[in-house]
Amino acid sequence: MLDQLNQLERDALSALEHITTGAELTAWQARYLGTKRTKGALDQALSLLGTLSKEERPAVGKRANEVKQSILSALEVKAAVIKEAEMQAAMKSGAIDVTLPGAPAMRGRLHPSTQALRRMIRVFEQLGFEVYRSPDVETDENNFELLNMPPEHPARDMWDTFHTTTPGVVLRTHTSPGQIRVMRERYPEPIRVILPGMVYRYEQVTARSEMQFHQIEGLAIGRNITLADLKGTMAEFARRMYGSQQKIRFRCSYFPFTEPSVEVDVYWGMETERDRMITKGTGWLEICGAGMVHPRVLRNGGYDPAEWSGFAFGMGVERTAMRLYGINDIRYFWSNDLRFLEQF
Ligand code: FA5
């Protein structure tokens, strides 16, 4: 029996030496070590162990294990050699086609707010407005005081403010403080700028109101600017943005920094309960506050109201986008729901 095992080892190892392919190796493995379903030569030899005497069995069993280990380790070495050789051959024969196009990478896209913002900016640029940047973190002075709202002025309550730990410094509640910055920088030039950016309000979040959103401020200062210019600009903006079918309206309003003041609404409709909520039961969605720049604000910017006049507006970007894309809840913008974002 020991001789038989030794012979089996010799045969297996010498047969292994001549093997050069994976298929040959599989056949060799089946022959000597067996498969899941069939027995190999070693198993057959081991099955004879039971026929041996008690004295012979330990030595033969030990030798049988040694033979198995020696065959297995030789197999491992050979398998590695064949794998490497086959890979080299595949590379040589061009099995990897380096000219095939790669797997496409997932592409990001612009957030719907950014898309709307850029579209709106383009329209205003066509109307002759230039983009002016002003900071998100503002002084109380620019955000309120120089816009005709001294400390304790009741109109400050129109904007629930995020204060910073630095006294007198706030997150801007609207883009209007940028008006002061442009005027002070550009005086005595006429002005026609827009100031796009994020604004922040400590406000109840609802289907129509968020606590952070974009606005586009507009400011036009000249010698003869009238309310008709403001109205024409708003109407032309709406026509270019939504098409001539879109109904808009101007409503009298109040802002401390404009006189007279108006608000601009776009027609939304009122068929569902949600329409009623979004439009506060009117069927119209407010997108913009505006008016003629208050003489005191002109003066704070360095422009003499006896010689200069101007209009200003502050347009909500997400509100404008809601109408444009038919989004009936402003909370979608920042909820990071891919089902929403991927539609844009
Ligand atoms: C203002 O912020 C003024 N600064 C606008 C202005 C500028 C008036 C220049 C006169 C001259 P108001 O708070 O109404 O006004 O906001 C302007 C627009 O921002 C609104 O018409 C609306 O479109 C949008 N808006 C206001 N509050 C929210 C909110 N919580 N969530 C989303 N959009 C809002």
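Show that you can apply the helix-only estimate: for the chain, add -39,500 (n - 2.57) for every DSSP H stretch of four or more residues, divide by all residues, and state [θ] at 222 nm to the nearest 500.
Counting only the DSSP helices, I get -12500 deg cm²/dmol.
Over the C-alpha atoms of the stretch 2-93, the Rg to Rh ratio, Rh being the Kirkwood estimate, stands at 1.09.
Please report the relative contact order for the chain, taking Cα pairs under 8 Å with a sequence separation of at least 6, and give it as a percent rounded to a whole number.
Here the relative contact order equals 14 percent.
Backbone geometry of the stretch 71-82 corresponds, through the Karplus equation with coefficients 6.51, -1.76 and 1.60 at θ = phi - 60°, to 3J(HN,Hα) couplings of 5, 5, 6, 5, 4, 4, 4, 5, 4, 5, 4, 5 Hz, x marking Gly and Pro.
Between L46, L285, L227, which gets the highest mean-square fluctuation from a Gaussian network model of the chain, Cα cutoff 10 Å? Maximum among the listed residues: L46. Sorting E138, E307, E17, E9 by solvent-accessible area of protein heavy atoms yields E17, E307, E9, E138, largest first, with a 1.4 Å probe. For the listed residue pairs K247/K280; K36/K83; K68/K92; K39/K68, the alpha carbons are over 25 angstrom apart in K68/K92. Note on I225: accessible area is roughly 40 Å² with a 1.4 Å probe, heavy atoms of protein only.
Per residue, how much accessible area does the stretch 112-341 have with a 1.4 Å probe, in Å²?
Heavy-atom SASA per residue in the stretch 112-341 reads 46 Å².
Expressed as a fraction of 2.2 N^0.38 Å, the value expected for a compact globular protein of N residues, the C-alpha radius of gyration of the chain is 1.98.
Overall, the accessible surface of the stretch 2-93 at a probe of 1.4 angstrom is composed of carbon and sulfur to the extent of 56 percent.
Using heavy-atom solvent-accessible surface (probe 1.4 Å) with all chains present, what is the largest-first order of T99, T21?
Solvent-accessible surface, decreasing: T99, T21.
Given the stretch 80-160 reduced to its alpha-carbon atoms as identical point scatterers, what log10 I(q)/I(0) does the Debye formula return at q = 0.14, 0.18, 0.20 Å⁻¹? Per q value, in the given order, log10 I(q)/I(0) is -0.83, -1.00, -1.03. For the stretch 153-215, the relative contact order comes to 31 percent (Cα pairs under 8 Å, sequence separation of at least 6).
In what order, largest first, do K83, K247 sit by accessible area if the probe radius is 1.4 Å? Please report the intermediate quantities before stating the final value.
Details: K83 150, K247 115 Å².
From most accessible down to least: K83, K247.
Our summary gives the stretch 161-308 a relative contact order of 20 percent, counting only alpha carbon pairs under 8 angstrom and 6 or more residues apart.
The values are calculated or read from the model by the stated rules, or taken from the named source; none is laboratory data. Keep in mind that this is a model prediction, so the values were computed, not measured. With ligands, DNA and RNA removed, areas are computed over all heavy atoms of the protein, side chains included. Shrake-Rupley method; radii C 1.70, N 1.55, O 1.52, S 1.80 Å.
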